[in-house]
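Quick notes on the structure that follows.
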Number of protein chains: 2
Amino acid sequence: MNQSPMPVVSPATLEVVPLGGLGEFGMNMMAVSWEDTTVVIDAGVMFPDPDQLGVDLIIPDLTYLEGRRGRVKALVLTHGHEDHIGALPHVLPLVDGPVYGTAMTLALVEPKLEEHGIDANGRLEPIKPRETVAVGPFTIEFIRVTHSMPDCVALAITTPAGLIVHTGDFKIDQTPIDGEHFDLHRFAELGTRGVLALFADSTNIDRRGFTGPEIEVIDAFEELFTSTHGKLVVATFSSSIYRMQVLVDLAVQFERKVAFVGRSIVQNAEIAQRLGYLRIPAGVQIRDADVPSYASQDVLCVTTGSQGEAQAALPRIAIDDHRFVKLGPDDTVVFSARAIPGNEKAIARTMSHVARRGADVVTESMKHVHVSGHGSAEELKLVLSLVRPKYFVPIHGEYRQLAQHARVAREVTARTSRTLQVLLAQDGDVIQFDQRGARIADRAPTGRVLIDVTRTGEVGDEVLRDRRHLAGDGVVVAVVAISRQTGGLIGDPELVARGFVVGEGRGEALFDDAAGVIAECIETSSVEERTDQGLMTEKLRGELRRFFKKRSGRRPLVLPVLMEI
Amino acid sequence: MNQSPMPVVSPATLEVVPLGGLGEFGMNMMAVSWEDTTVVIDAGVMFPDPDQLGVDLIIPDLTYLEGRRGRVKALVLTHGHEDHIGALPHVLPLVDGPVYGTAMTLALVEPKLEEHGIDANGRLEPIKPRETVAVGPFTIEFIRVTHSMPDCVALAITTPAGLIVHTGDFKIDQTPIDGEHFDLHRFAELGTRGVLALFADSTNIDRRGFTGPEIEVIDAFEELFTSTHGKLVVATFSSSIYRMQVLVDLAVQFERKVAFVGRSIVQNAEIAQRLGYLRIPAGVQIRDADVPSYASQDVLCVTTGSQGEAQAALPRIAIDDHRFVKLGPDDTVVFSARAIPGNEKAIARTMSHVARRGADVVTESMKHVHVSGHGSAEELKLVLSLVRPKYFVPIHGEYRQLAQHARVAREVTARTSRTLQVLLAQDGDVIQFDQRGARIADRAPTGRVLIDVTRTGEVGDEVLRDRRHLAGDGVVVAVVAISRQTGGLIGDPELVARGFVVGEGRGEALFDDAAGVIAECIETSSVEERTDQGLMTEKLRGELRRFFKKRSGRRPLVLPVLMEI
């Protein structure tokens, strides 16, 4: 039984290993083990920094779970955000058992598995709040929490060592859009019963006070529906179903048609409608292709691209490069999302492009058009006060957020007779709970696996690779000089490669053709695109990656260096 | 008289040409001309995006001013921030006349000229608010405004075409630290007299309401002085003299010594003290070298590095790489500055390093430890209401801020009998005012000049170059694999060059030596530095640039590509 390279968990020890999300925002994943049973909580991705060239997605290193093959008996999902479910296609093959999640969460998982050609084989098990499931020695209860999308849960896991609570992502929205309240009573009951350890979201620990409910945005949007004479275009996260409901309700009230624009938002709106989480009266929704047939003042577009992502709907619309949605002087474009750190420059560029179309730009700093889905300091304290755990492990944040959450937790108990022990753990720390107490006892293999999604044709072609492979496929640098006036190509692009080997004598021809790809890509772009260095670099990178993949079967790291002359 | 390539301004036409700051934040500069007299307002730099590799500073293209050689009769500075004075060493050679500025502004200009070995030859002319100077047909009056540093002015320029007002940077601080109020009365008088055109700061047009006075931060800092048991370390902009005064006053009250840490902040504190803008009682200030001799609870450090700049004081302190300032668990580090877009990731990394030292991190979102120096929407409207110009030109912002300011200006006059004509100009637009009205009549050469400051030795060695030169010196890509565990170098670094030519046969030796430079740089760095990709990339870039400059006399664009394996 114990022939695997990794031993089973010692008898009478509960072992909790965060595999992602403790030291970064994103790729949330945690393994909970007792003897030969492991349950995995969440399986998320992280999006790379703009300077992580050639990387599309990042997932946690799966070595630890591979070492437990055959003993991973269930995967439990707290909610349907990418940073909690995005790595599922990679993690599922390591799980010998069901995937538990609420209806909305599983509905978002399904197309993801389909895209990867994975047959879940009836392993997706829908659960509801206050239900419990048994997995080996564990009993897992799901508890309703409020967040920026419907159907989110926290977990209360009864283990032989005691009860542990995992909050998932949450805020305490006391007036939720769907009427489904944060289950304060159950958290209180657990606190009364006695909780061994609490694992709680640290995302917004830096913010004072309470985050505020989702309905707070209604006032600002009401104003915008009243004052906008042309199209109203609202960019938000494609998972923000509540935001969509707010917008749809106002569209009905102000007699506008609603078009969802952008692949992921169309898909998510469809799923949410099917499950009854998004209610759109008949005759209100139109397709993006129908937008040109309506008068501007009769249309609301809800789009992707709030982060200025080069290929998403709003940034394309902003440079007048969308087939159906055009902007004019009477239109208003609302950025109804926070800026994810690292995206600020791309967002600012998108906003200026919108302004050049003559449209009005509205941001969070101007009107209250966005509210966070994560609880602020007072909400996090409230959960600590309700749950009253013996041990506390801050999760979901960079090291600083975790450290700050630890500090706040100590403040909560400072003037009480209760003792609270904080375990300030990071990814890969093996936390053991046994009769003698709890401690960080060991280190598990941990890290980040980079994923390169090169779309060569109609289906996504996804490659898992670590940094070694990334280096192994070599590097191609393309130095491209373009005219500052016209954005046109000046001279020939220069390509330099290292560690990128193709068959003898074929290199030169390949590079000549690559130069042709660059020239064509520039010629077929609008002047506005060409003179936007960020957009053009991203576009060239994509074209070159596809080209090298197709022609050489390899995936070099492609670095376009654009010089305006 | 008219033999230069550029004609003089047509008779009876006032020509205003923004050369920088209208389409970007930074490099503010504007030329105002009547016949053969040109006055330049401000001469600022812009700091590059993190992805503008190999560039340290950006200044406006000076072609337009070169075309007016001999006719540029004065340079007028509104205040001493880098985005208004940083390009002075490059602009001054094109000016045949005095540089006007307040005492503080000129004091900040002096060391800058000295560094460049420029003798101002008595051309720096100090002025005071409400004073006027005559330059050819212009009479320039200086008007007190409040901002985040002392001694800032707006300009009222009487021209043969009418009166124009340039706000510089401002907010309306009604309780200024130094008691020097925004000169509302003079703005009102000008409005009564009749203003042809207003050029006004658009930086914070997105923010609702009033920005709030500098003294608002006192409460939060009082709390921090009370609650911090160890060292208090506050990172702020080196020009934030008011912030320094607030901190010094509290240090005196709470009996802490004050150490300024970081080259630029030490220099600016010295200048401000000399001029009486920063008052530090005897015995309060200590040198950074003295910090270790005092008990932690007796020290306040005011440092540079609020933006996470790799070489600045706080980021060095955060990775335990500062000679005199160390952090421990009782210490508190305050980020008392906004994040400049693009720096968010570097700031977050610095914060996590601080948290790893065990110190508490305090940010603007947690406590009110920073307030902006730029007026919000209501303040900008107030100036529009007071000045009541005929024409309005929004300045200082990306296109979107300018467009939004234009929109707000139209709202201010919408329900009045006044007409306001907005000229939504961008860098290089030639704005003409004459008897027939005002219009954007032409385009002047405009653009950005990139500056590469390679410090080869004890003095800064600054090179002006445009993008053509940047490409002309070639590109060197260094691919470096380091161990994820130890941060140590794996294998040999690979260097690839393009367009970077050295003497026949010398290339290989040069690259071998460059690989040696990389190896040494990694070996002599701490594990914390080595595993911080951002820090290490920046450090390698600096080392390699110095190396190539010294050995080849050339300045290739250096791109280190770090791979953790």
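The table for this structure:
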| quantity | calculated |
| --- | --- |
| Global form of region B:474-564, assessed from the alpha-carbon gyration tensor, a/c cut-off 1.5 | prolate |
| Ordering of A:212-220, A:59-67 by packing [mean C-beta count within 10 Å, highest first] | A:59-67, A:212-220 |
| When each of B:Lys231/B:Lys367; A:Lys326/A:Lys539; A:Lys367/B:Lys171; B:Lys73/B:Lys171; A:Lys171/B:Lys231; A:Lys367/B:Lys390 is checked by Cα-Cα distance, pairs over 23 Å | B:Lys73/B:Lys171; A:Lys171/B:Lys231; A:Lys367/B:Lys390 |
| Region B:68-147-region A:92-111 distance, computed between alpha-carbon centres (Å) | 66 Å |
| Chain A: calculated mean residue ellipticity at 222 nm from DSSP helix runs of at least 4, using -39500 (n - 2.57) | -8500 deg cm²/dmol |
| Amide H contacts of A:Val558 (H built 1.01 Å from N, under 5 Å, at least 5 apart or other chain) | A:Val476 |
| Computed label-point distance, nm, for sites B:His181 and B:Arg410 using a 7 Å Cα→Cβ extension | 3.5 nm |
| Point-charge dipole on Cβ atoms (K/R +1, D/E -1) for region B:181-300, about Cα centre, debye to 20 | 320 debye |
| Per principal axis, descending, Cα span of chain A in whole Å | 72, 66, 45 |
| Spin-label model distance (nm) - B:Arg69 vs B:Gln253, 7 Å beyond Cα toward Cβ | 5.7 nm |
| Options B:Thr139, B:Pro493, B:Val261, ranked by Cα towards positive dipole end of chain B, top entry (Cβ charges) | B:Thr139 |
| Amide H contacts under 5 Å for A:Met27, placed H, 5+ residues apart | A:Val45, A:Met46 |
| Extended-chain gain in nm, criterion 0.36 nm per residue less alpha-carbon gap, B:Lys550 and B:Glu528 | 5.0 nm |
| In order through region A:172-181: 3J(HN,Hα) via Karplus (6.51 cos²θ - 1.76 cosθ + 1.60), integer Hz, x for Gly, Pro | 9, 8, 8, 9, x, 3, 9, x, 8, 7 |
| Using a 7 Å Cα-to-Cβ projection, B:Asp36 label spacings across copies, nm, ascending | 9.9 |
| Average beta-carbon neighbours from other chains, 10 Å sphere, peptide A:204-213 | 2 |
| Per-residue mean of C-beta atoms belonging to partner chains within 10 Å, peptide B:397-406 | 5 |
| Peptide-level mean, for A:344-355, of C-beta atoms on other protein chains within 10 Å | 5 |
| Amide H within-cut-off set for B:Thr102, under 5 Å, with H built and near neighbours excluded | B:Ile127 |
| Normalised contact order of chain B, rounded percent, pairs of Cα under 8 Å and 6 or more residues apart | 15 percent |
| Residues in region A:344-359 that a label on B:Asp49 would reach, taking backbone N under 11 Å of a point 7 Å out along Cα→Cβ | A:344-350 |
| Spatial separation of Cα centroids for region B:345-392 and region B:270-313, in angstrom | 22 Å |
| Note, ³J(HN,Hα) from phi for region A:74-85, Karplus 6.51, -1.76, 1.60, rounded to Hz, x at Gly and Pro | 6, 10, 10, 10, 7, 6, x, 6, 3, 6, 10, 10 |
| Other-copy label distances relative to A:Arg123, 7 angstrom Cα-Cβ extension, nm | 7.6 |
| Cα gyration tensor shape of region B:214-362, rounded if a/c is under 1.5, else prolate or oblate by comparing a/b with b/c | rounded |
| Relative contact order (%) - criterion: Cα under 8 Å, at least six apart; region: region B:214-362 | 30 percent |
| Relative contact order (percent, whole number), region A:474-564, Cα cutoff 8 Å, 6+ residue spacing | 42 percent |
| Calculated label separations, B:Phe210, copies of the chain, 7 Å along the beta-carbon direction, nm | 2.8 |
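Laboratory data are not the source of any read-out in this text; all were calculated from the coordinates shown. The structure presented is a predicted model; accordingly, all values stated were derived computationally and were not measured. FYI the Cβ positions are ideal-geometry reconstructions off the backbone, even for glycines, and counts take in every protein chain you see.
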